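The values are calculated or read from the model by the stated rules, or taken from the named source; none is laboratory data. Values in this document were obtained by computation on a predicted structure and should not be read as measured data. As a convention, Cβ positions derive from the backbone with ideal geometry for all residues, glycine included, and neighbour counts pool all protein chains shown. Note: accessible area is taken over every heavy atom of the protein model, side chains too, but ligands, DNA and RNA are not part of it. Shrake-Rupley method; radii C 1.70, N 1.55, O 1.52, S 1.80 Å.
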Amino acid sequence: MHRPSLLAPPRPLPLPFLPPPRPHWRFPRGPAVLHRPQRTRLDATSRLPLPILALLSSRRPVAVAAEGVLGSSEEGSDDQEAKFVEVGYVSSTHGIKGELRVMPSTDFPELRFCTPGTRWLRTRISGKELISEVQLTGGRGHPGQKSWIVSLSGIDTVDKAKQIVGSTFLVKEDDRPDLEEGELYTPDLVGMRVVLKESGTLVGTVANVFNFGASDLLEVMLASDDRLDSTSCGRHVWVPFVEAIVPEVDMDKREMLITPPKGLLELNLRSDMRPKKERRQLEWKERKRLQQRLIPAKKKLAEMCQTHVLEGLKIGEKVQKSSLARQIVNIDCKLLQHALQSINKPLHRFCFLCFPEFAGANSAKLLRRSIRVSHEYLRNHTSKQKDDSNYLLYKEGLQLLSRSKTAIIVIINGNICDGDSVPNDGGSKTSLSQFEDLLFGCNGFMKVEEESMTVPLIVVSPAHLIQSYRECLSDNDYFGMNSEKVWVLEELQLPVVSIPIDQNGSKILLKSPWEILQAPIGSGGFFSLLLSHNILPELNKMGVEYVQVCSLNDKATILHPLFLGLVSSCRADVGITMFESSKGEGEDECDMIFSLRHIIRLSRQIEKLQFCAVPEQHVHVEQVDDELVTNYPDAPNSYRLHCPMYASLNSCSLDAVCVVKVFE
């Protein structure tokens, strides 16, 4: 083979003799129309398969601008200065006549893949990109796979077709169809000025646009101005391209006005100002640790017959494989295995104590370890008098508080979004205001004896709300608590699994080859969280004896001395607040006190927890005959593995349980 001089530009090889490119599987994408402030047409976009901001540091441009393109062997060709945009990629061969299957990334697939004419293919060879001109002779749709079958001149055998699998279809930028009024191409957003609508302050310039299916994301390079510090120049922020945040786009002025919510522009600014060399060393160490953790995780998944999850580590780009590796090592395989075994067992009615109807033997056993008070009594923060029938219990609870023998865990429901309304007797409140009320109420009891009390606080929150709750704690000076004894943890998730249809059992479902479908397991997941974050030894060192766990709702009252006093006087492992008006709905709604010794015991015996399988409907991908196929179910096809707080009662003797019955 002729080897070109190092000083001379490489010459493109004729297509039939191109060496086969590296395999590059991609997840099939749907139509690429952007539904944004103005109706948008997309003829090419660089897509990342996962909506994870942390992975966006490895970026590719939306518009594919190829300078010095080798589209022709003649120097000075017009193609040398041409700009191209992607319209699809060759995913596989089709049939035995050299036809190709193309996954589109354009709003005009019929024009691009059915109309004969000149097209271009971009292929990577030996680390270099080559763009070659080809002739499209025909094409047709393949609706079952949401792809297009095309024929190219000179490609008439399967062997020739295999050589260009993985190549990208291109068209010239000036060959884009004219758009209707109010429509625009995504690449045209690049380079536009971004201005705050309220003040007219320049924020920066759009550098890239990334599409994540549900929403698009603008990468905005910050300008150096008075609003941002002088070190901001050259840094970027991410702005969702949605009407609520980008209400106006002026193509003539090349300017867009934005109305970002508080904190959005500061959210993704890099705060690590260490030298680049030092940061790269830390990144290398992090990758090394990730690989070390990945080896046993892969082995465990293989033992559980879930090897299909590992296929994404063999294909795709570096950022995609890295993302999948992080998801794999974060799976609690022991808990997942137990959950899969648990759902095949008969479901015990572990939440009988949630229901006001429980009676008979259970009621008789609990009679000596239960009290009945009004909701108003629990809300009252004033000291109780000696003539109060529950005065001794109240006093014992105050002693626990004064000696810092208690801790609080607040569980934020995964279905609550930041700013969503939470039902309340007096109307509705946002989740953050509900959180503030709960902790301010805690302050009411802590100030009763006018003594300094340091109560550890753990907040379990969905990932998208963690920042909001951290800011809430910081803005309120941690509600008088010691900031070093406050943890904000992300709620525990487990993969969503298929409903088993044969002896092979349930399989982990995938959104794409590099993204695992996951869902929160419910309030019962806090036992594993405390163990995995090494918080239990810390609580033990602090001398904590009891931990109150409650969900975010208007009925919860944390650290009430009466509740603590009852659990302590009964030497109980579990105390439960039960509202007589409750009808048993919402198994994740809880207000319980656990002894620390019981939590430690249960966190080491996860098999005592019982899971239930919640049928759900999920779109997912699966491999069929060496091809990735997207499955769109019309009925429940999967299980969400759910473990409510009351599942912990299965491991507890009824003699170690006490109850506070609350009436309105």
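The charge dipole of segment 84-172, taken about its Cα centre with unit charges on the Cβ atoms of Lys, Arg (+1), Asp and Glu (-1) only, comes to about 120 debye. Length gained on full extension, Glu180 to Asn504: 111.4 nm, using 0.36 nm per residue less the C-alpha separation. For a straight C-alpha distance cut-off of 30 angstrom, the lysines reachable from Lys97 (same-chain residues fewer than eight places away being disregarded) are Lys128, Lys146, Lys160, Lys162, Lys172, Lys314. Of the solvent-accessible surface of segment 84-172, computed with a 1.4 Å probe over protein heavy atoms with every protein chain present, carbon and sulfur atoms account for 50 percent.
Stretched out fully, how many nm does the piece from Asp626 to Asn482 gain, at 0.36 nm a residue minus the Cα gap?
46.2 nm is the gain from fully extending Asp626 to Asn482.
Rounded to whole numbers, the Karplus 3J(HN,Hα) couplings from phi for segment 455-463 are 10, x, 10, 10, 10, 9, 9, x, 4 Hz, using 6.51 cos²θ - 1.76 cosθ + 1.60 with θ = phi - 60°, and x at Gly and Pro. Legend: calculated FRET efficiency, Ser126 to Glu303, from the Cβ-Cβ distance at R0 = 41 Å, rounded to 0.05, equals 0.55. For segment 615-659, dividing the convex hull volume of the Cα atoms by the residue count gives 110 Å³ per residue.
Calculated FRET efficiency, Glu580 and Ser433, Cβ-Cβ r, R0 45 Å, to nearest 0.05?
Efficiency, rounded to the nearest 0.05: 0.95.
In the context of the full set of protein chains, residues of segment 84-172 present 41 Å² of accessible surface per residue (probe radius 1.4 Å, heavy atoms only).
Kirkwood hydrodynamic radius computed over segment 159-215 comes to 15.4 Å, based on all pairs of distinct alpha carbons.
Figure note: Lys83, Lys485, Lys253, Lys298 ranked by solvent-accessible area, largest first, 1.4 Å probe, ligands and nucleic acids not counted: Lys253, Lys83, Lys298, Lys485. Distances between placed amide hydrogens fall under 5 Å for Arg235 paired with Leu222, all partners being 5 or more residues away or on another chain.
Taking amide H as placed 1.01 Å from N in the peptide plane, the amide H of Val246 sits under 5 Å from that of Thr259, each at least 5 places away or on another chain. Extending 7 Å from the Cα toward the beta-carbon at both Glu311 and Thr115 defines two label points whose distance is 3.6 nm. Applying D = kT/(6 pi eta Rh) to segment 84-172, where Rh is the Kirkwood radius over alpha-carbon pairs, T corresponds to 25 °C and eta to 0.890 mPa s, the Stokes-Einstein value obtained is 192 µm²/s. Temperature 37 °C, viscosity 0.692 mPa s: under these conditions the Stokes-Einstein estimate for segment 552-652, based on its Kirkwood radius over C-alpha pairs, is 192 µm² per second. Modelled this way, with points 7 Å down the Cα-to-C-beta line, the labels at Met542 and Tyr391 are 3.2 nm from one another. Within straight-line reach of Lys197, meaning a Cα separation under 23 Å, sit the following lysines at least 8 residues removed in sequence or on another chain: Lys253, Lys262.
Pairwise inverse Cα distances across segment 486-640, averaged and inverted, put the Kirkwood hydrodynamic radius at 18.5 Å.
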